[in-house]
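A short write-up of the structure that comes next.
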C-alpha cells in the first residue's frame, strides 16, 4: 500500500476514535468492566455455555443448562448500564458498517 493511502486510513481511524459513538462505547465498557455484578453474570453465562457444549458433545440433554443461561442473560439484559452498553455497541457497529459500505461503494465506483 502506498503511503498516502496509509495516511488516509490513519486519519479515518483517528476520526472514528474521536467520534461520539466510539467515546461513549469506550466509557460504558470501562464502567461495565468495573461493575462486579455484571462481570459475575457474564462469567457465569460463559461458564454455563462451555458446560452446555461439553455436555452436548457427550450426548447429554442440556435443556436445564439452557434455561439457566436464558435466566442469567435475561437478568443481564435488565441491568440499565449493560443495556446502555449494548445500545452503544450497536450504534458503533452501525457506524463502522456504514463506513465500510461507503468505502466499498467508492472503490467499486472508481474501479468499474
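Only the coordinates and a few stated rules stand behind these numbers; no lab work does. Keep in mind the model is a prediction, meaning the values are calculated, not measured. A quick note on method: Cβ atoms are made from the backbone with ideal geometry, for glycine too, and the neighbour counts reach across all protein chains shown.
Any idea which residue in region 34-68 is nearest to residue 86 (Cα to Cα), counting only those that are outside any helix (DSSP H, G or I) and in contact with a helix residue (DSSP H, G or I) (Cβ under 9 Å, 6 or more places away or on another chain)?
In this case the residue turns out to be 35.
Residues that are part of a helix (DSSP H, G or I) and surrounded by 12 or more Cβ atoms within 10 Å (Cβ to Cβ) within region 79-89 comprise 81, 82, 83, 84, 85, 86, 87, 88, 89, listed in sequence order. Scanning region 69-78 turns up one or more residues that are loosely packed, with under 15 Cβ neighbours inside 10 Å, in contact with a helix residue (DSSP H, G or I) (Cβ under 7 Å, 6 or more places away or on another chain), without any contact (Cβ under 8 Å) to a residue 12 or more places away in the chain and part of a helix (DSSP H, G or I).
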